[in-house]
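Every number here is computed from the coordinates shown, using simple stated rules; none is lab data. Given the structure is predicted, the values throughout are model-derived calculations rather than measurements.
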Ligand SMILES: [Zn+2]
């Protein structure tokens, strides 16, 4: 299904935040080809098929390749600035942006420098009137407890104002149940004042969502859609009002669900779970935030009241500062 230009134009004006999007998923194919050419690196596939993936494992492997092309502070700042431009083009008022240091091989062991470089790009963007961005620094599910402790030490030591949260992502189907392994790192991050966001209920089932809440103290869950398979986990999300950052196209592309009609976002929303709509990896998936809203509105017949409610959840669920949230809520009230 292809949303109409008119519906996309209108949804672009809906004041909202994006809370589940990865820096690694925002590279443009042409930019990657240009960076690869600079270093004489072959593309893993021809340019026109660069973003055609064979499942989650192939997808994660590709991220490592793409991030491996970024070597300098300027290139990192450029990718941050480019992300803010993408937000503005979608009419998005704020984003919590996930980035995972493990993918960036030229930056291993240099997390503070990496955060500084990204911050420089975001500061330049804000000075140019582009939307504000908070960083969620992510662990990978296959890392060790020691590596997780080291990352949290680094974040607490640097206490960079750009960093708002500790995150964890990666393939839970391959890594197995890892909640207990990361519990201590998440506890310490929370104690140090960082928010906590956890990928679960995508490559893991509802038990992954329960672990995210009970073991990792998640303030928010990325995906979480497979919670729908267990009514007790749905109840837990409702009781604690833990928001899910849902990415419909991502779920369709990676085979988490078969069609938009069957997508669990509507059942979860109607059950009382706070849900927001997000892109996950917009460049790689060929989507935009307004398109994700349009897909839901079309599949479930969302009225303006529902669109406003979901947009409101995205603002409330974000880790933006209170001024940004208040201004977005005021714009939303006028929409
Ligand atoms: Zn994600």
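Odds and ends about this structure:
- For the chain, the relative contact order works out to 22 percent when only alpha carbon pairs closer than 8 Å and six or more residues apart are counted.
- For region 123-197 versus region 1-15, the spacing of their alpha-carbon centroids is 33 Å.
- In the elastic network of the chain, a GNM with C-alpha springs shorter than 10 Å, the most mobile of 198, 225, 163 is 163.
- Cα-derived Rg over Rh, computed across the chain with Rh taken as Kirkwood radius: 0.93
- With the convex hull of its Cα atoms as the shape, region 85-170 has an orientation-averaged projected area of 5.8 nm².
- Coarse-grained scattering of region 191-335 at q = 0.11, 0.20 Å⁻¹, given as base-10 log I(q)/I(0) from a Debye sum over alpha-carbon atoms: -0.39, -1.31
- For the residues 14, 285, 47, a GNM of the chain with alpha-carbon springs under 10 Å puts the largest fluctuation on 47.
- Of 157, 220, 267, the one that fluctuates the most in a GNM where the chain has Cα springs shorter than 10 Å: 157
- Computed [θ] at 222 nm, helices only, for the chain once each DSSP H run of length n ≥ 4 contributes -39500 (n - 2.57): -15500 deg cm²/dmol
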